[in-house]
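The values are calculated or read from the model by the stated rules, or taken from the named source; none is laboratory data. Owing to the predicted nature of the structure, the values given are computational and were not obtained by experimental measurement. All Cβ positions, even for glycine, are placed from backbone atoms using ideal geometry, and neighbour counts span all protein chains on display. When the accessible area is computed, the model is the full protein with side chains, heavy atoms only, and any ligands, DNA or RNA have been set aside. Shrake-Rupley method; radii C 1.70, N 1.55, O 1.52, S 1.80 Å.
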Amino acid sequence: MTDGATLRLARELIARRSITPEDGGCQELIAQRIEPLGFKVERIRCGEVSNLWARRGSNPPLVCFAGHTDVVPTGPVNQWHSDPFTPTERDGMLYGRGAADMKISIAAFVTAIEAFLRRHPDPHPLGSIALLITSDEEGVAVDGTVRVVERLKARGERIDYTIVGEPTAVDRLGDTIKNGRRGSLSATLRVKGVQGHVAYPHLSRNPIHLAAPALAELAAIEWDRGNEYFPPTTWQISNIHAGTGAANVIPGEMEVLFNHRFSTASTVDDLKRRVHAVLDRHRLDYRGHSGNRGHRAGGFDDRRHVRRALHRRYLPAGRGTRSPQCLDPQARRAYRARRYRGAARHLPAGAGKTACSLGVPHSGIGCATPSGASGAPGSRSGTAPTMHTTRPLGCSCIWPSARTTT
């Protein structure tokens, strides 16, 4: 890197912790550099998001430098070769979180403007220069550039040309020209199961096991083949969360975050429809936003489940149709096995209709207590693990609005 001014400013920006939607003081640093040059700076705060709109001149055409100061989380810092917020040069490269995306670009914006105005101190007859900088690009991206553009539109302020500092080059500056931006469609999928002890999987419903085949199918789909302008649409899982942290507890819920980067060969509605079709085919009960289709689970009757799993004559008869969980083959096998082992004899006398605490040798299941019944939800008998069985099975798929991105 040979431009000393750009490198110095890039270092200052990288050193500021600006994990989305935080700005970390980057925009204030930019404002301090450009206000003495005659820029009128507007600081636009939207919730947790910081936005900066700065303009010099009033004549058209208006050339705008657009970018963002927020960065993605660092992940485990101990896996970095150097601190992510301590800019470090190695082998002619500058390392740090946001170096490529896109604090070096923002530094180049500022130093290029400074150099231009040194050569053209009064460029008003030639047009105007602006910067639009946000701290909401790496996150949900709803309170950033969109909000600033809405404000500009409301007062009739038009941008004629935009220079975006996103890192699109492959090997060297200028080797790639972008003629558009791919769409970005993200969703949060929550698959619900029944929490329990790993030693008694027949009394639980593991949401990871339930969802894994559907996720594998989604990962293998060819969504489209792209076209002459865009590469094929992709689908990627970015986060999976499940479990309590204990090695002996089957989780009661799994959350999956995934994203489509799609070309013009696919539409938002078509992508959603195909995702829902896969979830339906794998019999994942779910409900969700944006017209999500699928099956919604009914209430879960823990008395029927326990009766089927252990021995029906030790609990009062249930009413209505049996729940799907009672028809599970594993539950039927557990019922037969426990019947012959006499495990049901360990039931406390007079087990009630609303709740129970079942004790079996060396372990057991603590059933959730419905509202108004005595005992705390998930109460334990001795060292028995806890299984919550009053929540309905199912999953929800939440689709935020789609947006364009690189």
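Counting other C-beta atoms within 10 Å, and keeping those with at most 16, which DSSP coil GluC sites (Glu not before Pro) do you find in the stretch 1-104? It would help to have the intermediate numbers written out before the result.
Details: sites: E12, E22, E28, E42, E48, E89; in loops: E22, E48.
Passing sites in the stretch 1-104 are E48.
Name the long-range amide H neighbours of R17: under 5 Å, sequence gap of 5 or more, or other chain; modelled H, no Pro or chain starts.
Distant-sequence amide H within range of R17: zero hits.
Order I208, I221, most accessible first, counting only protein heavy atoms with a 1.4 angstrom probe. Mind showing how you got there, number by number?
Values: I208 70, I221 40 Å².
Descending order: I208, I221.
Any idea what the alpha-carbon Rg over 2.2 N^0.38 Å comes to for the stretch 1-94?
1.27
Report the FRET efficiency, 1/(1 + (r/R0)^6), for K178 and R283, where r is their Cβ-Cβ distance and R0 is 35 Å, rounded to 0.05.
Working: r = 42 Å, r/R0 = 1.19.
E between K178 and R283, to the nearest 0.05, is 0.25.
Can you work out the accessible area per residue across the stretch 72-160, with the rest of the protein chains kept in place, probe 1.4 Å, in square angstrom? Don't skip to the end; give the middle numbers.
Numbers: 4810 Å² over 89 residues.
About 54 Å² of surface per residue is accessible.
Of the trypsin sites (Lys or Arg not before Pro) in the stretch 204-273, which ones lie in a loop per DSSP and count no more than 16 other C-beta atoms within 10 Å? Mind dumping the intermediate values first?
Working: sites: R205, R225, R261, K272, R273; in loops: R225.
Here the trypsin sites (Lys or Arg not before Pro) that fit, given the DSSP loop and packing criteria, are R225.
Return the sequence-ordered ³J(HN,Hα) values of the stretch 75-82 in whole Hz as given by the Karplus equation 6.51 cos²θ - 1.76 cosθ + 1.60 applied to θ = phi - 60°, using x for Gly and Pro.
x, x, 5, 5, 9, 7, 6, 9
Long-range amide H contacts for R182: which residues qualify at under 5 Å (H placed 1.01 Å from N, peptide plane, sequence gap of 5 or more or a different chain)?
T405
Need one number: nm distance between label points at N239 and A216, each 7 Å from Cα along Cα→Cβ, rounded to one decimal.
Inter-label distance under the simple model: 2.6 nm.
Please give the contour-minus-distance gain from S58 to E255: 0.36 nm per residue of separation, less the Cα-Cα distance, rounded to one decimal in nm. Walk me through the numbers before you get to the answer.
On the way: separation 197, 0.36 × 197 = 70.92 nm, distance 4.97 nm.
Stretched out fully, the S58 to E255 stretch lengthens by 66.0 nm.
Taking 0.36 nm per residue of sequence separation and subtracting the Cα-Cα distance, how much length would be gained by fully extending the chain between R119 and R17, in nm to one decimal?
Numbers: separation 102, 0.36 × 102 = 36.72 nm, distance 3.38 nm.
Difference between extended and current length: 33.3 nm.
Taking θ as phi - 60°, what are the ³J(HN,Hα) couplings along the stretch 240-246 by the Karplus curve (6.51, -1.76, 1.60), each to the nearest whole Hz, with x for Gly and Pro?
Values per residue, Gly and Pro as x: 9, 10, 6, x, 9, x, 8 Hz.
Show me, for the stretch 270-277, the HN-Hα J-couplings you get by feeding each phi into the Karplus relation (A = 6.51, B = -1.76, C = 1.60, θ = phi - 60°), rounded to Hz, glycine and proline as x.
5, 5, 4, 4, 5, 5, 4, 4
Using Cα centres only, tell me the gap between the stretch 1-57 and the stretch 140-215 in whole Å.
First find each Cα centre; the distance between them is then 24 Å.
Taking 45 Å as R0, compute the FRET efficiency from the Cβ-Cβ separation of N78 and R155 and round it to 0.05.
Numbers: r = 49 Å, r/R0 = 1.08.
Efficiency computed from Cβ-Cβ geometry: 0.40.
Quick check: residue separation of R225 and D91 times 0.36 nm, minus the Cα distance between them. What number comes out in nm?
That works out to 44.4 nm of additional length.
Taking N as the number of residues in the stretch 64-141, what is its Cα Rg relative to 2.2 N^0.38 Å?
That works out to 1.40 for the stretch 64-141.
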